1. Can you name every residue in the stretch 196-232 that is touching a residue at least 12 places away in the same chain (Cβ under 8 Å), surrounded by fewer than 18 Cβ atoms within 10 Å (Cβ to Cβ) and within 26 Å of residue 107 (Cα to Cα)?
2. Can you tell me which residue is surrounded by the most Cβ atoms within 10 Å (Cβ to Cβ) among those in the stretch 177-187 that are free of Cβ contacts under 8 Å to residues at least 60 places away in the same chain and part of a loop (DSSP other than H, G, I, E, B)?
3. Tell me whether the stretch 41-49 contains one or more residues that are surrounded by fewer than 24 Cβ atoms within 10 Å (Cβ to Cβ), outside any helix (DSSP H, G or I) and over 11 Å from the mean Cα position of the chain (by Cα).
4. In this structure, does residue 33 turn out to be modelled with pLDDT under 95 and either part of a loop (DSSP other than H, G, I, E, B) or surrounded by 14 or more Cβ atoms within 10 Å (Cβ to Cβ) (or both)?
5. So, residue 167, is that one assigned by TED's automatic domain parsing to the domain that holds residue 134, under 17 Å from the mean Cα position of the chain (by Cα), surrounded by fewer than 15 Cβ atoms within 10 Å (Cβ to Cβ) and at negative phi or not?
6. Quick one: in the stretch 14-30, of everything that is touching a residue at least 40 places away in the same chain (Cβ under 8 Å) and out of contact with any strand residue (DSSP E or B) (no Cβ under 8 Å at 6 or more places or on another chain), which residue is surrounded by the most Cβ atoms within 10 Å (Cβ to Cβ)?
7. Mind checking whether some residue in the stretch 140-155 is more than 22 Å from residue 62 (Cβ to Cβ), surrounded by 13 or more Cβ atoms within 10 Å (Cβ to Cβ) and touching a residue at least 60 places away in the same chain (Cβ under 8 Å)?
């Protein structure tokens with residue numbers, strides 16, 4: 001009996017889960033095994049309410065180089081089989097995209113194709129100066145997947161997303177910063193520690209407030225009526241939580257606040 005290699009490392013420390021893709025020889029390409037293990041990691045996060053934030057990263061100097069073309073190239077996969085592959089992926093992708101806790105992607109090296117899409121599932125993307133992004137699907141005659149048709153236009157706008165997807169061109173870390181794809185750039189040796197510092201800061205945040213904010217922004221800018229309804233229904237819920245009361249008490253008593261965004 002052969003034992004399946006562990007390609008996704010899952011670690012929880014200080015209520016922060018760090019998920020690391022580790023198939024270095026393929027630059028962490030998303031083959032079927034890695035996809036399944038990543039899905040299992042996402043489900044573990046969803047099931048563990050003690051986890052307050054997630055860091056998603058890659059080993060070996062790369063985030064994720066995309067789908068494993070050797071895994072699909074030359075295979076006779078019919079329409080039903082393709083649909084099944086994506087349905088399986090979408091099952092855990094929905095869990096990740098609708099997660100009610102912050103996700104921070106720490107991107108070094110390649111974030112190409114499905115790897116770029118995976119980075120876009122995060123609430124915050126941190127990158128190194130040597131990171132690069134490429135929505136490379138058009139180069140191999142495929143449609144962007146792993147949710148990119150939903151996530152990328154919401155970050156850069158429809159016109160820029162169209163250009164990025166139809167050109168298949170490289171985007172440098174600096175351009176990613178300018179476009180809002182990346183939030184901060186850090187040296188490779190500082191990247192993971194910065195991502196984990198941001199994640200740990202949310203241990204002190206109100207999980208109710210975080211959940212309401214993420215849910216409200218899920219489907220894009222809502223109508224004025226829907227926005228005001230979210231405020232009217234969500235604020236009383238948030239105000240009734242112990243987290244709100246603890247934060248107000250700390251403020252009034254001039255004690256350190258439970259949630260403080262860490263300075264870069």
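The values are calculated or read from the model by the stated rules, or taken from the named source; none is laboratory data. Being a predicted model, the structure only gives us computed values, none of them experimental. Every residue, glycine as well, gets a Cβ built from its backbone with ideal geometry; the counts of neighbours run over all protein chains shown.
1. 197, 200, 203, 204, 207, 211, 214, 215, 218, 220
2. Among residues in the stretch 177-187 that are free of Cβ contacts under 8 Å to residues at least 60 places away in the same chain and part of a loop (DSSP other than H, G, I, E, B), the one surrounded by the most Cβ atoms within 10 Å (Cβ to Cβ) is 183.
3. Yes; the residues of the stretch 41-49 include at least one that is surrounded by fewer than 24 Cβ atoms within 10 Å (Cβ to Cβ), outside any helix (DSSP H, G or I) and over 11 Å from the mean Cα position of the chain (by Cα).
4. yes
5. Judged against the criteria, residue 167 is not a match.
6. 26
7. yes
Here's the yes/no breakdown for (1) at pLDDT 95 or above; (2) more than 26 Å from residue 20 (Cα to Cα); (3) not in a helix (DSSP H, G or I):
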residue: 175; (1), (2), (3): yes, no, no
residue: 189; (1), (2), (3): yes, no, no
residue: 197; (1), (2), (3): yes, no, no
residue: 229; (1), (2), (3): no, yes, no
residue: 232; (1), (2), (3): no, yes, no
residue: 243; (1), (2), (3): yes, yes, no
